[in-house]
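Here's the structure we're looking at; comments come further down.
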Amino acid sequence: MIEDEEEPSPEFLKGYNHGYQLAKHEPELLDKIVKSQSDNAPNDYSRAMVHGKTQYEHEKLVAEMKAIRERQKQNIRRKR
């Protein structure tokens, strides 16, 4: 039995997108915003900002790992 997933609220979507973009372009500002929100009860928007930040950081890490692997392959080819 598969449960239907709940549609994210408009506030969640907005927060996720803002969190992702801020993580990409203004990570220090995002950290300040997240820290300032930590005293308040979490809402969809603030939780989503953290999810957006996490997603961006994950994608950045994966891209860096792929670049390292590619450089390693090129180095191996040069040594042959």
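List of remarks:
- Axial C-alpha extent at least 27 Å, average Kyte-Doolittle at least 0.0 - helices from the chain (DSSP): none
- Percentage relative contact order, the stretch 1-47, counting C-alpha pairs under 8 Å, at least six apart: 54
- Percentage, to the nearest whole number, of Cα pairs in the stretch 1-70 over 20 Å apart: 39
- Extended-chain gain in nm, criterion 0.36 nm per residue less alpha-carbon gap, Ala63 and Leu13: 15.6 nm
- Cα-based reach from Lys53 at 18 Å (exclusive), listing aspartates and glutamates while leaving out same-chain residues under 8 positions away: Glu11, Glu26, Glu28, Asp31, Asp44, Glu64
- Ellipticity estimate at 222 nm from DSSP helix runs (n ≥ 4, -39,500 (n - 2.57)) divided over the chain, nearest 500: -27500 deg cm²/dmol
- For the chain, the relative contact order is 37 percent, taking Cα pairs closer than 8 Å that sit 6 or more residues apart in sequence and dividing their mean separation by the residue count.
- Neighbourhood charge, 13 Å Cβ-Cβ cut-off, centred on Asn17 and excluding it, Lys, Arg +1 and Asp, Glu -1: +1
Laboratory data are not the source of any read-out in this text; all were calculated from the coordinates shown. Computed from a predicted model, the values in this text were never measured in an experiment. Ideal geometry is used to build each Cβ from the backbone, glycine not excepted, and the neighbour counts take in all protein chains shown.
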